[in-house]
Amino acid sequence: MDTDSQFETKVLSLIVETVPRKFKKTAITGETHLQKELGLDSIAILAMVFRFEEVFKIDLGRINFQVNMGELRTVNDALKMSKEILEQAGSLRKG
Amino acid sequence: MNSFTQAISPRHNDCLLLFLPISNFQQRMTYYSAFWWGFDLIVTDPNHLFRALKELRPTLLIAPPALYEALESRFDNLPPGKRWMAEMAADIALAIPIRSVRERIARFLFRSIYDALGGRMRFMVTGMAPIKRSTLSLCRRMQLPLFETYGLVEFGSVSLNLPGANRIGSVGHLLPGVRLEFASDGEIIVHRKDTQARSYFECAPGESERTFIGDNSVATGDIGRIDQDGYLYLVVRKKEIIITGGGEKVHPEAIEAELDACIEVARSVVFSSQESPTLIAVVLPKNPQGGAAVQERIQRFVNDINQRHRSMNVGQVVFTDQAFTCENGFLRPNLKLDRKRIAQHFQYTIVSNTAASKAHKWSA
């Protein structure tokens, strides 16, 4: 698995890929709010999640991971959820 | 149902993807259409929308503007050189008279977007909310078949843009069987032999009679116009028109579009109040933590707008850090602004702040 910083960079690039033009100049930190500050509505977040599945070759349906949109508020939340998904996928592969 | 489905000329090998609740009339109607006409139907949970698009490869899609805008964002965030090259080449390709050649070039230039949609899409419809002009233009550039439609739950589908009869900014020609006229204030009145509903269930007194005006006619509540070629344009919701103290009718969406043009504004909503002689704008800055400096710059931008439109003066700007979402009730389930609720909420904030300020002055 990638080191933590490589992993975070990858996830951040997926977030950046989803940000609408109008919000492109927003500086992104861990506390940046996905909806309020980056303009990501629920469909944009779903697009981002699917890009994550593609890049990390994970099918959330197969690992039975439900994305809780209510918990995805900030960039840190997205990073945390991404790690949880990878861990769940990893433990299933080992099992 | 028949007029809408016939307009898109369903084929035996078509496959329609739906992901919104079928309480939405258009979703339900096209659900039935698939059974009636015998084409395939994919019904997916929104969480699996993008995987279904890519892997199940539908040919027909009905979705709100947010989905197409997400695709636009993806293209916008390509490296600038790559994006610029694709745009330039696509613009040159637009001049090629043979459609199949144009499409082949577009598929090559915008492969990631075509892949994201499964690569077989032949008809995409959007409605429910206004779509950004830039999204429509990009889809045209990419040779993606995106068409705006207009309909309402009280009546059914009214109009649809179609290949060969598509004008960006309009909601298309009237569907077969629909007649339309304008009331004296510009409100669109639609008629059809068989309407979708007869009245509202458990509504406020008089509400049904104001909408279902008899003779299979429905007063849409939308102000519109029709051009000389028969394309219908929606201007504003009638109920959303603000009448100023000077008796002037103001379309809030027009002012909001000007406010939203400020690079520091994420979203604005304009309303009027009996307590205020001028209009009130609720503004969500892109950087709500930016503090007084950001607010001052936005206020200067508002002042400039006021200079240009003396009759529609935004006298008060309320800054908020709350996005307008379904969760906080500022958007309706159909993703349209609930202006009444927004006005009530922020009116209360203004009154509370004013009272606090008066109390402060008194205690001082």
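Taking A:Leu40, is it modelled with pLDDT of 90 or more, more than 8 Å from chain B (Cβ to nearest Cβ) and closer than 22 Å to B:Ala116 by Cα?
Spelling it out, it is not the case that A:Leu40 is modelled with pLDDT of 90 or more, more than 8 Å from chain B (Cβ to nearest Cβ) and closer than 22 Å to B:Ala116 by Cα.
Among the listed residues B:Leu17, B:Leu67, B:Leu56, B:Leu61, identify the single one that is surrounded by fewer than 16 Cβ atoms within 10 Å (Cβ to Cβ), within 14 Å of chain A (Cβ to nearest Cβ) and of a type in the set (A, V, I, L, M, F, W, C).
Criteria check complete, one pass: B:Leu56.
Quick check on this structure: which one of A:Thr32, A:Thr74 is under 24 Å from A:Ser5 (Cβ atoms) and touching a His at 6+ places or on another chain (Cβ under 6 Å)?
A:Thr74
List pairs: first in the stretch B:12-28 and touching a residue at least 60 places away in the same chain (Cβ under 8 Å), second surrounded by fewer than 19 Cβ atoms within 10 Å (Cβ to Cβ) and in a strand (DSSP E or B), Cβ under 6 Å, 6+ apart or cross-chain?
These pairs meet every condition: B:Cys15/B:Asp40.
Residues checked against (1) in the same structural domain as B:Arg83 (by TED's automatic domain parsing); (2) out of contact with any Asp or Glu (no Cβ under 6 Å at 6 or more places or on another chain):
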position	(1), (2)
B:Pro130	yes, yes
B:Arg141	yes, yes
B:Pro145	yes, yes
B:Phe155	no, yes
B:Leu162	no, yes
B:Leu174	no, yes
B:Arg179	no, yes
B:Ile188	no, no
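Only one residue in B:Glu69, B:Glu55 is in contact (Cβ under 8 Å) with a residue 40 or more places away in the chain, in the same structural domain as B:Arg133 (by TED's automatic domain parsing) and within 20 Å of the chain's Cα centre (by Cα), so which one is that?
Unique residue meeting the criteria: B:Glu69.
With B:Leu78, B:Leu41 as the choices, which residue is out of contact with any Asp or Glu (no Cβ under 7 Å at 6 or more places or on another chain), under 30 Å from A:Lys25 (Cβ atoms) and not in a helix (DSSP H, G or I)?
Just one listed residue meets the conditions, B:Leu78.
For the stretch A:80-88, check the following and say yes or no: at least one residue is in contact with a helix residue (DSSP H, G or I) (Cβ under 6 Å, 6 or more places away or on another chain) and either hydrophobic (A, V, I, L, M, F, W, C) or not in a helix (DSSP H, G or I) (or both).
No, every residue in the stretch A:80-88 fails to be in contact with a helix residue (DSSP H, G or I) (Cβ under 6 Å, 6 or more places away or on another chain) and either hydrophobic (A, V, I, L, M, F, W, C) or not in a helix (DSSP H, G or I) (or both).
Name the pairs whose Cβ atoms lie under 6 Å apart, with the first residue in the stretch A:9-34 and within 9 Å of chain B (Cβ to nearest Cβ) and under 11 Å from A:Phe52 (Cβ atoms), the second among the polar types (S, T, N, Q) and assigned to a helix (DSSP H, G or I), and 6 or more positions between them or separate chains?
Taking only residues 6 or more apart or on different chains, the pairs are A:Thr18/B:Ser73.
Condition check ((1) out of contact with any Lys or Arg (no Cβ under 8 Å at 6 or more places or on another chain); (2) modelled with pLDDT of 95 or more; (3) not in a loop (DSSP other than H, G, I, E, B)) across all residues:
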| residue | (1), (2), (3) |
| --- | --- |
| B:Ala86 | yes, no, yes |
| B:Ala90 | no, no, yes |
| B:Pro97 | yes, no, no |
| B:Val101 | yes, no, yes |
| B:Phe108 | yes, no, yes |
| B:Val125 | yes, no, yes |
| B:Leu136 | yes, no, yes |
| B:Ile168 | no, no, no |
| B:Pro176 | yes, no, no |
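Residues of the stretch B:144-154 being touching a strand residue (DSSP E or B) at 6+ places or on another chain (Cβ under 6 Å), at pLDDT 90 or above and in a loop (DSSP other than H, G, I, E, B), which ones?
The one that is touching a strand residue (DSSP E or B) at 6+ places or on another chain (Cβ under 6 Å), at pLDDT 90 or above and in a loop (DSSP other than H, G, I, E, B): B:Pro145.
When you go through (1) within 12 Å of chain B (Cβ to nearest Cβ); (2) more than 26 Å from B:Thr325 (Cβ to Cβ); (3) at pLDDT below 85 one by one for A:Arg62, which number turns out not to apply?
Only one criterion in (1) within 12 Å of chain B (Cβ to nearest Cβ); (2) more than 26 Å from B:Thr325 (Cβ to Cβ); (3) at pLDDT below 85 is unmet by A:Arg62, namely (3).
Out of the residues in the stretch A:65-77 that are out of contact with any strand residue (DSSP E or B) (no Cβ under 7 Å at 6 or more places or on another chain) and either basic (Lys, Arg) or within 8 Å of chain B (Cβ to nearest Cβ) (or both), which is surrounded by the most Cβ atoms within 10 Å (Cβ to Cβ)?
A:Val67
The values are calculated or read from the model by the stated rules, or taken from the named source; none is laboratory data. Small disclaimer: the values here were computed from a predicted structure and weren't measured. Don't worry about glycine lacking a Cβ; one is built from the backbone with ideal geometry, like all the others, and counts go over all protein chains shown.
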